[in-house]
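Structure, as structure tokens:
The values are calculated or read from the model by the stated rules, or taken from the named source; none is laboratory data. What you see is a predicted model, and the numbers here were worked out from it, not measured in a lab. So basically every Cβ, Gly included, is an ideal-geometry build from the backbone, and we count neighbours across all protein chains shown. Accessible surface areas use protein heavy atoms only, side chains included; no ligands, DNA or RNA. Shrake-Rupley method; radii C 1.70, N 1.55, O 1.52, S 1.80 Å.
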Amino acid sequence: MGRAVFKKLVTVEEALEALYEHVKPNPLEVEEVEIKEAYGRILGEDVIARIDLPPFSRAILDGYAVRAIDTSFASETNPTRLRVIGRIPAGELPLLEVKEGDCIEIDTGAFLPKGTDAVVRVEDTSIDGDVVKIYDSVGRGSGIAPMGSDVYHGQFVMSKSEEITAEKVGVLAGLGYHKVDVLMRPHVAIFSTGNELIEPREELGATKIYDVNQYSIGALVQKSGCIPIYLGIKKDEVEEIREAVVEGLRCAHVVIMSGGTSAGVSDLAYKVFDGLGGPGLIVHGIAAKPGKPTIIAAIGDKPIFGLPGFPVSALVIYGLIVDPFLRAMSGKKGEVRRKLKAKLATRHISDRGRREYLPVFLKHRRKALNAVPVLGGSGAIASLSSADGVVEIPENVDLIEKDEIVRVELFSEVRSADIIAVGDSSPISQIILEELRRSGRKVRAEFRGLEHGLTWVRDEIADLLVACIPEDELFDPLRFPSKLTNLRNFKMKMVWASYDKEIFYPGSTFALPRIGSGLRRYAEECIRRKVENFDVIETWSYDASMNLVLNRRAISALLPLYTVTKYDVKFIDAFCANIIYLIRDELLSTRIGKTLLRRIRSKELDLTLSSLQGIS
Ligand code: AMP
Ligand code: MG
């Protein structure tokens, strides 16, 4: 099969327009649900009160129902004396009528007796036989909720197409609704395509990945007010995909698939819809980054969305194209996304001709709000989940300078990070940062190696730098920006862990920290002293390295002794590492800086660390 080129990329707006030309996202019929099920649903009827709320004038505090006029001269020093002619509890109809000089003891929520127009709270009274002394005057209506004061009979309370919030469920109940008409939720069939995909419950083989999109899209579909129907994972074969589409059209109002939509398999898209009915394929390719390989089709009045396989791309395109469509159908209002201005923390190069959606997180720096692009790109779903919002970069922009002002569209109300830790990963950092998190700070850890960490410190994005370097390698302060203060050093014993006795033989594979990590170069030198030819698998963390050994994909991994002792593997000593904690000077005078300083030099930390093997 030849590679088809995208013939014409359309903008997001054009894509939506083309879609709406063929199918309209009309709301479905209404159905009746119990109010227990009504939360989050969209009202399918106007709600007009059939009763008053409250249905009768009632006391809103415990005390005495009085004629306000009788209390006109009451004061602390000269209390008014009223005769108590009875008591009226909540839920009972008072038969007594209050005349001049009388009053009735009354409970909160009780029916206000005839003749009274105010309630004196019990705290302003004292009882003396069958007489109550009143120490404060009250005006008419005081201590009372009059009949219909919340909602009056016949009042228009809520309109069709409003979303039912928790408060509105309360109003419905208060008005005596036990069932309510709501819009039916559209059913959305979802499936993933890809020979490499497996379900999260299955065993992960060497060449497989877990299906992300079916579930992230399923969650978004619910957020858009619809019901997901999961059709599973399909192989990259026309017949199988076609069958899934047919199944989706049968059981749902809308079909969403992901993967297999890039140019390499574009012929497939045509074949899938061929012969299923008009209008068929509508859009193939969108001028957006991420998300170029997007398709939109329709069979009859049912749309089919083909999203890119890359999880981040799929979600971005979902938000731009699928979400507006589904919300129009379900009646769920679009989320109002707050926009704010921030300085872009790093220089960013973009594609001309494609609109880019760049996920960022927020960080305060020198009293200005900064938007920092998240790492990882289109495949990095976890990075996206930690983003605070997205910067939209227009088609005609190909470069944004560092510190240039950009507009960030927030995913939801967010709080910018209190502290960002970068550099080399180490088991100690987990302990320190976990403590900060527990004290309510928003801590962000991006341990992507020393080189990356240094860049972020220089750019004043990061606050805490963790350098993990070989003990006998000179710690060169010049390599670090001078604006850093050393908080503390630790020592960590490193070992070569292996499932085998023999480690260093030609062609063996080692799991090592990534290039740019403080230990990488030295680790390779150590290996090279023993063996000339070897392979390296790079990892971001010691746990990942450990896993490679456990799964026998690497003969050996460079690991802290502490990590290794948790497993049943052999190991031999490698070398000792220095772990250096450096903080940006600017932070030292801030509250979080001081907290960090205190904790990192605390006795408690010493105590915790003393129990960790090979760390001091
Ligand atoms: P595709 O659009 O099928 O060419 O896929 C692009 C990339 O996304 C490949 O690396 C796929 O392995 C990955 N991918 C595709 N579908 C999924 C999915 N459902 N979950 C996670 N990753 C996926
Ligand atoms: Mg694929």
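Does Thr608 satisfy being in contact (Cβ under 8 Å) with a residue 60 or more places away in the chain, under 20 Å from Arg444 (Cα atoms) and outside any strand (DSSP E or B)? When the stated conditions are applied, Thr608 does not pass them.
The rows are residues; the columns are (1) over 30 Å from the mean Cα position of the chain (by Cα); (2) more than 16 Å from ligand 2 (Cβ to nearest atom); (3) touching a residue at least 12 places away in the same chain (Cβ under 8 Å); (4) in a loop (DSSP other than H, G, I, E, B).
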| residue | (1), (2), (3), (4) |
| --- | --- |
| Lys160 | no, yes, yes, yes |
| Gly176 | yes, yes, yes, yes |
| Val182 | no, yes, yes, no |
| Ala189 | no, yes, yes, no |
| Ser192 | no, no, yes, no |
| Glu203 | no, yes, no, yes |
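Within segment 188-202, if we keep just the residues that are near ligand 1 (Cβ under 6 Å from one of its atoms) and open to solvent by 20 Å² or more (accessible area, probe 1.4 Å), the residue that is farthest from Leu220 (Cα to Cα) turns out to be Glu196. Of the strands (runs of 3 or more DSSP E) lying entirely inside segment 42-153, those carrying at least 1 residues that are open to solvent by 60 Å² or more (accessible area, probe 1.4 Å) and within 30 Å of Val171 (Cβ to Cβ) are 118-121. For Ser224, the test of being small (Gly, Ala, Ser), more than 10 Å from ligand 1 (Cβ to nearest atom) and surrounded by 21 or more Cβ atoms within 10 Å (Cβ to Cβ) is passed. Among the residues of segment 181-201, write down those that are touching a Lys or Arg at 6+ places or on another chain (Cβ under 8 Å) and farther than 22 Å from Leu384 by Cβ. The answer is Val182, Leu183, Arg185, Asn195.
Residues in segment 203-221 that are over 30 Å from Asn26 (Cα atoms) and away from ligand 1 (no atom under 11 Å from the Cβ) were compared, and the one that is modelled with the highest pLDDT is Glu203.
Under the condition of being more than 14 Å from His348 (Cβ to Cβ) and not in a loop (DSSP other than H, G, I, E, B), the residues counted in segment 385-399 number 2.
Of the residues making up segment 543-585, those that are among the polar types (S, T, N, Q) and either in a helix (DSSP H, G or I) or not assigned by TED's automatic domain parsing to the domain that holds Thr455 (or both) are Ser545, Asn547, Thr563. Might you let me know whether segment 165-181 holds any residue that is within 14 Å of ligand 1 (Cβ to nearest atom) and open to solvent by less than 40 Å² (accessible area, probe 1.4 Å)? No, because not a single residue in segment 165-181 is within 14 Å of ligand 1 (Cβ to nearest atom) and open to solvent by less than 40 Å² (accessible area, probe 1.4 Å).
Ala544 falls short of the stated requirement of being of a type in the set (A, V, I, L, M, F, W, C), closer than 16 Å to Ser508 by Cβ and either touching a Gly at 6+ places or on another chain (Cβ under 6 Å) or touching a residue at least 24 places away in the same chain (Cβ under 8 Å) (or both).
Residue pairs, Cβ under 6 Å, 6 or more apart or interchain, first in segment 431-452 and assigned by TED's automatic domain parsing to the domain that holds Tyr581, second of a type in the set (Asp, Glu). List them. Short answer, once both residue conditions are applied: Arg441/Asp418; Lys442/Asp418; Leu450/Asp424. Of all residues in segment 322-334, those satisfying the criterion of being more than 16 Å from ligand 1 (Cβ to nearest atom) and open to solvent by less than 20 Å² (accessible area, probe 1.4 Å) are Phe325, Leu326, Met329, Ser330, Gly331. The sole residue among Gly306, Gly285 that is within 13 Å of ligand 1 (Cβ to nearest atom), touching a residue at least 12 places away in the same chain (Cβ under 8 Å) and buried (at least 24 other Cβ atoms within 10 Å of the Cβ) is Gly306. If you go through segment 254-270 and keep only what is more than 16 Å from ligand 1 (Cβ to nearest atom) and either in contact with a Gly (Cβ under 6 Å, 6 or more places away or on another chain) or modelled with pLDDT under 90 (or both), you end up with just Tyr270. If I filter segment 232-253 for residues that are within 23 Å of the chain's Cα centre (by Cα), crowded, with 21+ Cβ neighbours inside 10 Å and within 16 Å of ligand 1 (Cβ to nearest atom), do I get at least one hit? No: segment 232-253 contains no residue that is within 23 Å of the chain's Cα centre (by Cα), crowded, with 21+ Cβ neighbours inside 10 Å and within 16 Å of ligand 1 (Cβ to nearest atom).
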